[in-house]
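The values are calculated or read from the model by the stated rules, or taken from the named source; none is laboratory data. Treat the numbers as computed from the prediction; the structure is a model and nothing was measured. Neighbour counts run over all protein chains shown; Cβ positions are idealised from the backbone, glycine included.
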Amino acid sequence: MNNITSAFRTFGAFLSALALTTLAGCDIDQTAEGELPDVDIEVSGGQMPEFDVETADIEVDKKKVTVDVPDVDVSMKVKSFNVPDVDIVMPDDNTEVEAEMDGADNDGADADERS
C-alpha cells in the first residue's frame, strides 16, 4: 500500500468518525414546551406565486478509452501501524461511542520502530 492510498484511507476514516460524532454526538432535551400565540387575522384576495421550472437533462453514459498505464510489479509485506482509538462520552447518560480509524499515522514505519 503506498502513502497516497493510506492517506486517503486515513482521511476516509476521519470523515467516518466525524460523521458518527456529528450524528450521535449530542443529547438534546426539551426544557420547555412551545406555544403559538393567539392571532385573529382577516384576509382576502392574494395569490401564491407560480413557477415553471425547466431543469437540465443530464445523460450519463460510458465509453471505452485507451490510456497508457505503468506496468509495476509490487511486492506486499505485512506491517503494523499505530492508529487512533477514539472514545466519545455522551453528556449525562454516559453512553460511549467508539470509533477506530485504519491507516492513520501511517508514515511507513513499523509500529515497533516508532515505539
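Between a residue in region 12-34 that is modelled with pLDDT of 65 or more and any residue that is in a loop (DSSP other than H, G, I, E, B) and not aliphatic (A, V, I, L, M), which pairs come within a Cβ distance under 7 Å, given they are 6 or more apart or on different chains?
A13/D102; A13/G103; D27/P91; D27/D92; D27/D93
May I ask you to list the residues in region 66-85 that are in contact with a helix residue (DSSP H, G or I) (Cβ under 6 Å, 6 or more places away or on another chain) and hydrophobic (A, V, I, L, M, F, W, C)? Steps first, answer last, please.
First pass over region 66-85, keeping only residues in contact with a helix residue (DSSP H, G or I) (Cβ under 6 Å, 6 or more places away or on another chain): 80-82.
Passing the criteria: only F81.
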